[in-house]
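Visitor: Below you will find the structure I want to go over with you.
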Amino acid sequence: MHDYAAGYGVNAGCGLPDVSGAGRDEYCMRLALHEAERAFDAGDVPVGAIVAKGNSVVGRGSNRTVRDQDPTAHAEMLALRDAARALGTWRLDDCTLTVTLEPCAMCAGALVLSRIQRVVFGAWDDKSGMAGSIHDLLRHPRLNHRPQVTSGVLADDAASVLRRFFRQRRGLTGDDAVESHSRTDDHSPVDR
């Protein structure tokens, strides 16, 4: 397991550093990558998400569709549920969700309904991504809520953990892994 959180003081309910802009987005993405590694270690597709409000992480989630046999157990959905419980409200305005992979239609819909202020993601998903790849549900002009979206934060790191997972799952090593095209090499869908 790559420890993306090393040196970042990652623990439950941790505070965020007093940084803004790209530095804060990268910090939060490293926390989401830590969650993705948890999914990887458990045999689920490595997607991770966190929800931050102010200087606190209020929600976390790692993909659990295989472990829970639940098609809705995507990292974003679990992080939103965790944040809503922690805050005592379903309205997550003034919150930012950071996720390692571009949200799918289900997760994008939940993000809009939660009134989340911002969505930050790492790797693009050209086959099922709903934050600009195949459609932009998050910023659709007819919706009453449209979160701000920042894309491509630590995208290489986010794509790398997905490629590593699928190579391992297929039993590829060495030259076989180099010659193989993983599902994320061409931004194709990731079955979560």
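Visitor: Look through the stretch 82-112, keep the residues that are in contact (Cβ under 8 Å) with a residue 40 or more places away in the chain and assigned to a loop (DSSP other than H, G, I, E, B), and return whichever of them is nearest to GLY122 (Cα to Cα).
Guide: Among those residues, the one meeting the criterion is GLU102.
Visitor: If the requirement is being at pLDDT below 95, in a helix (DSSP H, G or I) and either under 14 Å from the mean Cα position of the chain (by Cα) or over 18 Å from ALA36 (Cβ atoms) (or both), which of these qualifies: ALA79, ALA177? Before the answer, list the steps.
Guide: Details: ALA79 fails: at pLDDT below 95.
Result of the check over ALA79, ALA177: ALA177.
Visitor: Identify all residues within the stretch 51-74 that are touching a Cys at 6+ places or on another chain (Cβ under 6 Å) and β-branched (Val, Ile, Thr); write none if there are none.
Guide: Of everything in the stretch 51-74, those that are touching a Cys at 6+ places or on another chain (Cβ under 6 Å) and β-branched (Val, Ile, Thr) turn out to be VAL51, VAL57.
Visitor: Moving on. Yes or no: VAL57 crowded, with 22+ Cβ neighbours inside 10 Å, farther than 22 Å from VAL161 by Cα and touching a strand residue (DSSP E or B) at 6+ places or on another chain (Cβ under 6 Å)?
Guide: yes
Visitor: Sticking with this one: Kindly provide the set of residues from the stretch 126-136 that are assigned to a loop (DSSP other than H, G, I, E, B) and crowded, with 24+ Cβ neighbours inside 10 Å, ordered by number.
Guide: GLY129
Visitor: Let me ask something else. Can you find, within the stretch 29-54, the residue that is farthest from LEU162 (Cα to Cα) among those that are part of a loop (DSSP other than H, G, I, E, B) and of a type outside the set (D, E, K, R)?
Guide: GLY54
Visitor: SER151 passes all but one of (1) of a type in the set (Ser, Thr, Tyr); (2) open to solvent by 50 Å² or more (accessible area, probe 1.4 Å); (3) under 15 Å from LYS53 (Cα atoms); which number fails?
Guide: Single failed check for SER151: (3).
Visitor: Select from the stretch 60-75 the residues that are within 14 Å of VAL161 (Cβ to Cβ) and either of a type in the set (Phe, Trp, Tyr) or in a strand (DSSP E or B) (or both) and list them in ascending order.
Guide: SER62
The values are calculated or read from the model by the stated rules, or taken from the named source; none is laboratory data. These numbers were taken from a predicted model, which means no experiment stands behind them. Glycine gets a Cβ as well: all are built from the backbone with ideal geometry, and neighbour counts include every protein chain shown. Calculation scope for accessible area: heavy atoms of the full protein, side chains included, ligands and nucleic acids excluded. Shrake-Rupley method; radii C 1.70, N 1.55, O 1.52, S 1.80 Å.
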